[in-house]
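What follows is a short report on a single structure.
What follows draws every value from the coordinates through simple rules; no lab data is involved. Bear in mind the structure is a predicted one, so any value in this text is a computation, not a measurement. Here Cβ is always computed from backbone atoms with ideal geometry, including for glycine, and neighbour counts include all displayed protein chains.
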Amino acid sequence: MSSTTSLTARLEAAYPGLSPQLRLAARYVLDAPDDVALNSMRTVATHAGVHPSTLVRLARELDFSGYAEFREPFRQRLRTHADRYADRARNLQARSDGQEKDANGGLLHEVLQSSNRNLQQTFSATSPTELSNLAVLLDQARRIYVVGMRKCYPVAYYLHYAFRMFHDNVVLANGVAATVADDLRDVQEGDVLIAIGFETYTRGTVRAARHAVSVGADLVAITDSPLSPLARDATQAFVVANDSPSFFRSLASAMALAEAIVAHLVAEGGEAAVDQLTKTERHLEAFGTYWGPDDAAAVSGDTF
């Protein structure tokens, strides 16, 4: 039994005999273990609706020397636990059993609520100043590299695709045919590597991030925890919430953050960004990239 599981069992066993305030604190700890791991005692107390001293009393009620010792199992859980898709799938099936008759929408409603919480948590923890600073860093970079593998590839691809609309110095290190080392061969001081990764972290993304730092490039991490291996040594780290009732972690907040990064980069890019976007649009039009009125007129009947 893990230390967190043991602590959870002790909390549940002690719960009936706790005072109302301690019950309130205990219920929040059981419902939001990641908040306990990542935030200060004062912040957790605020979220739980109790005084910080209540958390200290709760820790001592469970025979801990203080709140720091009480918190440690939750921090250790974030460092070591790795969700298994099969386990999450079983939980999903258990939760969804009979939910098709739920008047509130069942699983669909749960996904919506989870996504809304993720977005609120992510953007409440991300300031406009941080995004503006990132825009300046990217605008001044010799070259921008983007790496995100496996489940994080859609976010990496979006950033690369959007940046390429108005920047010509962007490289997607996608690792196709095991070429990520080749993609990053020329990374150097003055470059920026944006690394996207969530637990369970892909080894190639972590190695790419550490290589970038080792050669003096700036590392920007988009990840799910300040304890993430990508956040270590990062010039800037953006923590996104990605909880989901599904077996796969949600990408909604990461994609929304990517959109915000692109928007700030354009906003800070001045006339040069607008000029480059105009050139890109003309190029795409010359290639006949998009479906238009002439295409519609040329099609008669159902030809597909």
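Among 19-26, 191-198, 254-261, the peptide with the highest mean count of other Cβ atoms within 10 Å heads the list, and the full ranking is 191-198, 254-261, 19-26. What number, in percent, do you get for the relative contact order of segment 3-80 if the mean sequence gap of Cα pairs under 8 Å and at least 6 apart is divided by its residue count? Contact order relative to length: 33 percent.
Paramagnetic label reach from D63 (point 7 Å along Cα→Cβ; backbone nitrogen cut-off under 18 Å): within segment 4-31, residues 4-18. If you compute P(r) over Cα pairs in 10 Å bins from 0, in percent for the structure shown, which of [x] 6, 25, 34, 25, 10, 1, 0; [y] 6, 21, 26, 23, 15, 6, 2, 1; [z] 6, 28, 35, 23, 8, 0 do you land on? Recomputing P(r) over Cα pairs in 10 Å bins from 0, in percent here gives the entry labelled [y]. Semi-axes of the equivalent ellipsoid for segment 114-231, computed as √(5λ) from the eigenvalues of its C-alpha gyration tensor and ordered from largest down, come to 22, 18, 14 Å. Among G288, G216, G190, determine the one that fluctuates most according to a GNM of the chain built with springs between C-alpha atoms less than 10 Å apart. Maximum among the listed residues: G288. All other residues whose Cβ lies under 13 angstrom from that of D218 are scored, Lys and Arg at +1 and Asp and Glu at -1, for a net of -2.
When each of R203, R117, R249 is scored by the number of other beta-carbon atoms lying within 10 Å, the sequence from fewest to most is R203, R117, R249. Taking the Cα centre of the chain as reference, the dipole from Cβ charges on Lys and Arg (+1) and Asp and Glu (-1) amounts to some 1320 debye. Only DSSP H runs of four or more residues enter the estimate; each adds -39500 (n - 2.57), and after division by the residues of the chain the mean residue ellipticity at 222 nm equals -18000 deg cm²/dmol.
Taking the Cβ of V146 as the centre, find all other residues whose Cβ is under 12 Å away and add up their charges (Lys, Arg: +1; Asp, Glu: -1). Here the count lands on 0.
Short-range pairs are left out: with C-alpha atoms under 8 Å and at least six residues apart, the relative contact order of the chain is 16 percent.
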